[in-house]
2 protein chains.
Amino acid sequence: MGESVTSRALALLGAFDGEHRSLSLTDLARRAGIPLATAHRLVGELHRWGALAREPNGGYVIGRRIWQLGLLAPVQSGLRQAASPFLHDLYGTTLATVHLAVRDGVEVLYVERLAGHVSVPVVSRVGSRLPMHATGVGKVLLAYAPEEVRLEVLKNLTRITAYTVTQPARLIDQLRRVRAEGYATTGEEMSLGACSVAVPVRNGDTVVAALGMVVPDLRRQLPRLVSALQVAAHGISRTLAASPSVQWK
Amino acid sequence: MGESVTSRALALLGAFDGEHRSLSLTDLARRAGIPLATAHRLVGELHRWGALAREPNGGYVIGRRIWQLGLLAPVQSGLRQAASPFLHDLYGTTLATVHLAVRDGVEVLYVERLAGHVSVPVVSRVGSRLPMHATGVGKVLLAYAPEEVRLEVLKNLTRITAYTVTQPARLIDQLRRVRAEGYATTGEEMSLGACSVAVPVRNGDTVVAALGMVVPDLRRQLPRLVSALQVAAHGISRTLAASPSVQWK
DNA sequence: TAATCCTCTTCCACTGAGTGGAAGGAGTCC
DNA sequence: GGACTCCTTCCACTCAGTGGAAGAGGATTA
């Protein structure tokens, strides 16, 4: 005992992730760290309300009530909806993987991802988080983040590939150039074979998101990609500015 | 007393809807029917976990953890993702409002909606429900619904406009023709000035969704719209069939 | 076919998590 | 300056919640 009922119910919901979209009762209890009988009761309540749904084979999945609430989250109803047409245009003209991301603490949270046809290893998934220092969108968000966030990230530059920037001074210099030139790039720093370029998305003066693309090679097409990204980013910013009723961060 | 802690926490989450995306603590307590002190404690827990977020002005909004869980719901990760490219293609070629909907009990649940430029009154919103008998997607879903669902809907044919079909025999005949011809239409039955056409989306033999469009007038362009909808619906079906790992309903 | 294992459901003696009215602080408005 | 509203905190009181155990049913294995 000692844990609240609410925290246990939330732990049950939190047992689901990208790799575990359907869970048996026993797995739910185990992953949430809750005795089976207790889990059974709480899962029953979540199911009756619609937070969970039960499949014919007995497994539980996230229910439609959570899906509907998720649509109300500012990140969904504001940024993602505003950005969607521009992301599809961008994807349509380049056929590369397109990302829209926001900062979440000291990580990048992927808000939207349109998968490209080009054979490039892409590890992002909508709703997932990746490190800021090794991704294009992450470098953009880091460049405009509060100083305390930047300091926290700079303390923990883990190597992901042989090309990952792990020296603080070098990353600081890159971030300064992001602010000066208006875009960030990476070269196989997150995945071998994948390069990226990203630009900021502003709401007024505030950088609220980053828009990026992943391609196998940047060398010949960088100016064209930067231009296309900036056009899309401006479009998103105009749309955000035109919808003052929806607040989001 | 008498209500469970879990049901109260869920009631707080359920206080949010399309018209109430940001709520003060007092409003949350009121809408959830919970004393202020109790609401304060439970909202604090939801906030700490990330189910709710607090805005600078003190209002609460749905938090990112709910948004992320919502992405895991089968309706999101299966149908909606599979359908997205086809919906954008359809929208791109017609510029009309495009809907993707599923049956939820005896109502239509709108899973995706791409808003058109044509000035047609459209009342649907993603995540919302509308009656089955007065919408194109609803008639499709009703035509292929279990008998007991059909009987339940037929008992309650409320009039929405002067053109709404409220006689059971007439609707039964229309549903038979939906199954025979492969598409449903409406003519100002839900909103004056709005006509719609919809087709079934199948997964194997099962009709799992309906794909529809809303236009001001159907008379000259019905065959072309039906054809475009069916092409898109087949594409969605093929994509669903190719992703067996994701289960959804 | 039988034995074993696992999941899920139900029960109930026990207990501490949860309750909510009241009071007070802070901010806004007139 | 007073009135009003929202939010936060307190704490005496109580019943909602707990979880080990037992059993049913289905799946797996020998």
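The values are calculated or read from the model by the stated rules, or taken from the named source; none is laboratory data. In this text, all values refer to a predicted model and were calculated from it rather than measured experimentally. Please note: Cβ atoms are built from the backbone with ideal geometry, for glycine as well, and neighbour counts cover all protein chains shown. Accessible surface areas use protein heavy atoms only, side chains included; no ligands, DNA or RNA. Shrake-Rupley method; radii C 1.70, N 1.55, O 1.52, S 1.80 Å.
Assuming R0 = 22 Å, what is the FRET efficiency of A:R30 and B:E3, from their Cβ-Cβ distance, to the nearest 0.05? Please list the in-between numbers first.
Details: r = 28 Å, r/R0 = 1.28.
Between A:R30 and B:E3 the formula returns 0.20.
Excluding A:G138 itself, calculate the net charge of residues whose Cβ lies under 12 Å from the Cβ of A:G138, where each Lys or Arg counts +1 and each Asp or Glu counts -1. The partial results should precede the final answer.
Working: positive: A:R103, A:R129, A:K139, A:R150; negative: A:D104, A:E107, A:E189.
Net charge around A:G138: +1.
With Cβ to Cβ distances under 12 Å as the rule, what net charge do the other residues near B:A15 carry (K, R +1; D, E -1)? Let's see the in-between values first.
Values: positive: B:R8, B:R21, B:R30, B:R31; negative: B:D17, B:E19, B:D27.
Neighbour charge sum, excluding B:A15 itself: +1.
What residues qualify as long-range amide H neighbours of B:A209, i.e. H under 5 Å apart, gap of 5 or more or another chain, H built at 1.01 Å from N?
Residues meeting the criterion, in which the H sits 1.01 Å from N, are B:V201.
Could you tell me which of B:L23, B:T38, B:V61 has its Cα farthest along the dipole of region B:5-69 towards the positive end, charges placed at Cβ (Lys, Arg +1; Asp, Glu -1), taken about the Cα centre?
The residue sitting farthest along the positive end of the dipole is B:T38.
Would you calculate, for the protein assembly as shown, the mean residue ellipticity at 222 nm contributed by helices, counting each DSSP H stretch of 4 or more residues as -39,500 (n - 2.57) and dividing by all residues, to the nearest 500? Walk me through the numbers before you get to the answer.
On the way: 18 runs with 209 residues, N = 498.
That comes out to -13000 deg cm²/dmol.
Between A:Q230 and B:V149, what FRET efficiency follows from the Cβ-Cβ distance if R0 is 51 Å, with the result rounded to 0.05? Working shown, then result.
On the way: r = 50 Å, r/R0 = 0.99.
The value I calculate is 0.50.
Quick one: among A:L12, A:L157, A:L141, which has the greatest mean-square fluctuation in a GNM of chain A with alpha-carbon springs under 10 angstrom?
Maximum fluctuation in the GNM of chain A, among the listed residues, is at A:L12.
For B:R170 and B:D17 in the same chain, what is the full-extension length gain: residue separation times 0.36 nm, less their Cα-Cα distance, in nm? Each step should come with its number before you reach the end.
Values: separation 153, 0.36 × 153 = 55.08 nm, distance 3.47 nm.
Between B:R170 and B:D17, full extension yields an extra 51.6 nm.
Could you please report the charge total around B:A210, scoring K, R as +1 and D, E as -1 over all other residues with beta-carbon less than 10 angstrom from its beta-carbon?
Values: positive: B:R103, B:K139; negative: none.
Every neighbour counted, the sum reads +2.
Placing a label point 7 Å from Cα toward Cβ, how far apart in nm is B:T161 from its equivalents in the other copies, listed shortest first to one decimal?
5.5
Per-residue HN-Hα couplings for region A:100-112, Karplus 6.51 cos²θ - 1.76 cosθ + 1.60 at θ = phi - 60°, whole Hz, x for Gly and Pro?
Those phi angles translate into 10, 9, 10, 7, 9, x, 10, 10, 9, 10, 7, 8, 8 Hz.
So what does log10 I(q)/I(0) come out to for the protein assembly as shown at q = 0.08, 0.09 Å⁻¹, using the Debye formula with one equal point on every Cα and no solvent?
-0.54, -0.69
Give the A-B buried accessible area in Å², both sides summed, 1.4 Å probe, nearest 100.
4300
Give the residue from B:T206, B:P146, B:A233 lying farthest towards the positive end of the charge dipole for region B:139-249; charges sit on Cβ (+1 for Lys and Arg, -1 for Asp and Glu) and the dipole is referred to the Cα centre.
Positive-end residue among those listed: B:A233.
Give, rounded to the nearest 20 debye, the magnitude of the charge dipole that region A:5-69 has about its Cα centre when Lys and Arg contribute +1 at Cβ and Asp and Glu contribute -1 at Cβ. Walk me through the numbers before you get to the answer.
Details: 9 positive and 5 negative charges, 38 e Å.
Rounded to the nearest 20 debye, it is 180 debye.
Between region A:136-209 and region A:34-68, what is the separation of their alpha carbon centroids in Å?
Cα centroid to Cα centroid, the span is 40 Å.
Relative contact order (percent) for region A:128-249, with alpha-carbon contacts under 8 angstrom and 6 or more residues of separation?
Details: 181 pairs, mean separation 27.6, N = 122.
Rounded, it is 23 percent for region A:128-249.
Under unit Cβ charges (Lys, Arg +1; Asp, Glu -1), what dipole magnitude, rounded to 20 debye, does region B:165-214 have relative to its Cα centre?
Details: 5 positive and 5 negative charges, 29 e Å.
About 140 debye.
Using only the heavy atoms of the protein chains and a 1.4 Å probe, how would A:Y110, B:Y91 rank by accessible area, largest first?
On the way: A:Y110 5, B:Y91 40 Å².
Solvent-accessible surface, decreasing: B:Y91, A:Y110.
Could you give me D for region B:118-249, from Stokes-Einstein at 25 °C and 0.890 mPa s, where the hydrodynamic radius is the Kirkwood radius over C-alpha pairs? Units µm² s⁻¹, please. Mind dumping the intermediate values first?
Numbers: Rh = 15.3 Å.
For these conditions, the coefficient is 160 µm²/s.
Sort A:E148, A:E107, B:E55 by accessible area with a 1.4 Å probe, largest first. Let's see the in-between values first.
On the way: A:E148 125, A:E107 70, B:E55 15 Å².
The residues order as A:E148, A:E107, B:E55, largest area first.
For B:5-13, what's the mean count of beta carbons from other chains sitting within 10 Å of each residue's beta carbon? It would help to have the intermediate numbers written out before the result.
Values: counts 7, 15, 5, 2, 10, 10, 1, 1, 6.
So the per-residue partner count for this stretch is 6.
Along each of its three principal axes, how wide is the spread of alpha-carbon positions in chain B, in whole angstrom units, largest first?
Result, largest extent first: 60, 40, 36 Å.
Could you tell me the relative contact order of chain A? Use alpha-carbon pairs under 8 Å, at least six residues apart, and round to a whole percent.
16
Quick one: putting +1 on the C-beta of Lys and Arg, -1 on the C-beta of Asp and Glu, what dipole do you get for the protein assembly as shown around its Cα centre, in Debye to the nearest 20?
Once rounded to the nearest 20, the dipole reads 40 debye.
Could you derive backbone 3J(HN,Hα) for region A:184-198 from the dihedral phi with the Karplus parameters 6.51, -1.76 and 1.60 (θ = phi - 60°), listing whole Hz in sequence and x where the residue is Gly or Pro?
Each residue of region A:184-198 in turn: 10, 10, 9, x, 6, 7, 10, 9, 5, x, 10, 10, 9, 9, 8 Hz.
Check the axis relating chain B to chain A and name the residue of B whose C-beta is nearest, distance in whole Å.
Nearest to the symmetry axis by Cβ: B:G70, 1.
Take the solvent-accessible surface of the protein heavy atoms, probe 1.4 Å, and return the percent of it on the protein assembly as shown that carbon and sulfur atoms account for. Display every interim value, and only then the final one.
Working: 11700 of 22390 Å².
With neighbouring chains kept in place, the figure for the protein assembly as shown is 52 percent.
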